[in-house]
1. Exposed loop chymotrypsin sites (Phe, Trp or Tyr not before Pro) only (DSSP loop, at most 16 other Cβ atoms within 10 Å): please give the longest stretch of chain A free of them, not including the sites.
2. Please compute the alpha carbon radius of gyration of chain B, then divide it by the globular-protein estimate 2.2 N^0.38 Å. Two decimals is fine.
3. Roughly how big is region A:270-430's charge dipole about its Cα centre, with Cβ charges of +1 (Lys, Arg) and -1 (Asp, Glu), in debye to the nearest 20?
4. Could you state the number of Å between the C-alpha centres of region A:214-245 and region A:48-67?
5. Set the Förster radius R0 to 41 Å, insert the Cβ-Cβ distance between A:GLU258 and A:GLU403 as r into 1/(1 + (r/R0)^6), and round the FRET efficiency to 0.05.
6. Gap in Å between the Cα centre of region A:131-202 and the Cα centre of region A:30-44?
7. Using the Kirkwood radius over C-alpha pairs as Rh, can you work out the diffusion coefficient of the protein assembly as shown via Stokes-Einstein at 37 °C, viscosity 0.692 mPa s, in µm² per second?
8. A plus B alone minus the pair: what accessible area, both sides summed, probe 1.4 Å, in Å² to 100?
Amino acid sequence: MSNPPSASPTDIARRGEAIEILPGVHWIGALDPALRAFDIILRTANGTTYNAYLVRGSHGVAVIDTVKAEFADEFFARLESVADYDEIEVIVLNHLEPDHTGALPELMRRAPQARLHISSRAPAMLKALLKPREEDPLEYRTADTGDEVSLGERTLRFLHTPFLHWPDTQCTYLVEDGVLFSGDVFGCHHCDSRMFNDRCADFRFAFDYYYAHIMRPFKTHVMDALKLIEPLALKIIAPTHGPILRDRPRRYLTRYRELSSASFAERIGNEDPTLVVFYMSSYGNTARMAEAVCAGAEEAGARVSLYDLEGGEIQPFVDLIETADALAFGSPTINGDAVKPIWDLLSSLAVVDLKGKLGAAFGSYGWTGEAVRMIEDRMRGLKMRVPVAGLRIKLIPTDEELEECREFGRALASAIVSGEKGRVIDFADLG
Amino acid sequence: MAKAKITFTDIDQTVNVPAGTRVIEVSEKIGAGIIYGCREGDCGTCMMHVEEGWNNLTEPSVLEEKVLRENMASRHDRLACQAQILGDCRVKPA
């Protein structure tokens with residue numbers, strides 16, 4: 001049931017048929033070229049694809065992932081072009097998010113004999129998704145790294161790769177053919193009916209953008225997953241969104257490793273604790289405070305960076321924050337609030353892992369001075385520690401008050417140092 | 001108030017806490033690798049492995065036991081959002 005060799009993938013995709021990746025291995029997903037915003041937060045300039053796959057073995061057929069519910073008809077048409085429902089023995093779900101499981105209930109109805117294979121972290125989510133009745137419990141098998149399912153001459157081997165980007169995520173490796181069905185890892189929102197990376201438009205920016213928004217908060221888990229994936233003999237990476245990566249697939253592993261690699265300090269071999277100070281200042285008073293805070297922190301051994309938010313874009317600052325040990329924000333109070341650029345930056349940190357970072361706030365004010373406390377509350381909400389109480393100075397700082405600012409910087413830098421490994425910290429000092 | 005030490009072995013950090021503190025209250029502030037979802041004992045995201053001091057945490061509730069079972073928890077795994085620290089223990093992400 002392979003496609004005629006003369007037909008291009010685009011022709012096949014348009015005809016609603018499966019696209020052959022290898023003999024007996026087909027793409028049976030769906031194209032969504034009109035999509036412009038995915039999950040509210042992600043933009044895409046040319047849509048996305050929901051990739052599902054079918055693997056034929058001598059002892060049955062496996063379906064790997066499905067599609068978003070509204071694209072189920074397209075998925076089933078493609079599936080029917082290469083297999084009958086009664087041949088399906090195995091359904092693998094690498095990730096249970098609805099864009100990959102929308103067609104699952106109907107697939108289970110059409111192929112009731114097929115057994116579900118999910119990761120060991122997925123059962124609760126599967127039950128929440130399908131809401132089985134008590135008298136009709138779900139049947140499934142859970143997989144950990146190294147577990148296998150035989151399709152006869154072909155074998156599916158599972159890799160436990162949690163938090164890429166949900167707790168339930170896993171990858172499935174087709175051992176004999178070197179194909180990694182990777183789930184959302186190595187995916188991107190790029191809809192191109194030519195389907196293979198060696199035929200598609202240049203989608204590198206979409207690949208990096210997807211990583212930045214989906215995988216970046218889970219860098220540690222990306223590195224753990226790469227340890228499992230890199231030793232594999234890899235011919236093709238088949239993700240659940242975007243092009244199938246058959247031309248030099250290892251390039252994409254290398255890119256993930258680059259994007260997930262350690263902080264700037266580790267890259268340059270400098271282990272000094274790092275503090276980044278951002279500020280806005282209307283009359284120069286908060287700016288003078290910022291300079292004094294930096295001077296104090298440097299005296300106490302921190303490597304300090306000082307930036308005026310008025311002079312930069314948000315994104316590079318987010319990158320700086322990701323690699324810093326501690327952050328300090330200086331803001332005047334205007335109309336009872338911190339100024340907007342501070343909030344713009346503090347609301348752009350969802351993709352950064354902030355756990356364990358230290359935060360501090362300071363600012364000059366005219367007559368109310370709420371900004372400092374509000375910034376501190378926001379940082380605590382982001383799971384940062386605020387070890388040094390915020391510093392507010394009315395209008396123009398005196399020399400004594402600038403010394404307070406230096407002491408504030410010294411205290412903050414000392415708190416970074418006291419957080420070093422192996423030391424016992426008191427709960428009350430966590431702030 | 002009685003105190004206890006909890007060590008997060010993935011980041012090699014120890015915190016001295018009042019007995020009865022939930023692990024979740026400490027782990028995020030200190031930057032341990034345990035990831036949280038619902039924070040109310042339902043989703044199983046925050047499963048952690050207790051390397052030492054299993055008996056120094058409060059007993060799991062019936063609901064926590066159920067979630068642990070559903071998430072294929074191994075022996076000495078707990079939910080960090082539920083377990084309260086009673087004595088010294090060492091934990092890491094499951």
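The values are calculated or read from the model by the stated rules, or taken from the named source; none is laboratory data. Keep in mind that this is a model prediction, so the values were computed, not measured. Methodologically, a virtual Cβ is constructed for each residue, glycine included, from the backbone with ideal geometry; neighbour enumeration extends over all protein chains shown. Heads up: the accessible areas ignore ligands, DNA and RNA and are worked out on the full protein's heavy atoms, side chains in. Shrake-Rupley method; radii C 1.70, N 1.55, O 1.52, S 1.80 Å.
1. A:1-282
2. 0.96
3. For region A:270-430, the charge dipole is close to 460 debye.
4. Between the Cα centre of region A:48-67 and that of region A:214-245, the gap is 18 Å.
5. Given R0 = 41 Å and the Cβ-Cβ separation, E is 0.40.
6. Going from one Cα centre to the other spans 21 Å.
7. 130
8. For A against B, buried area totals roughly 2200 Å².
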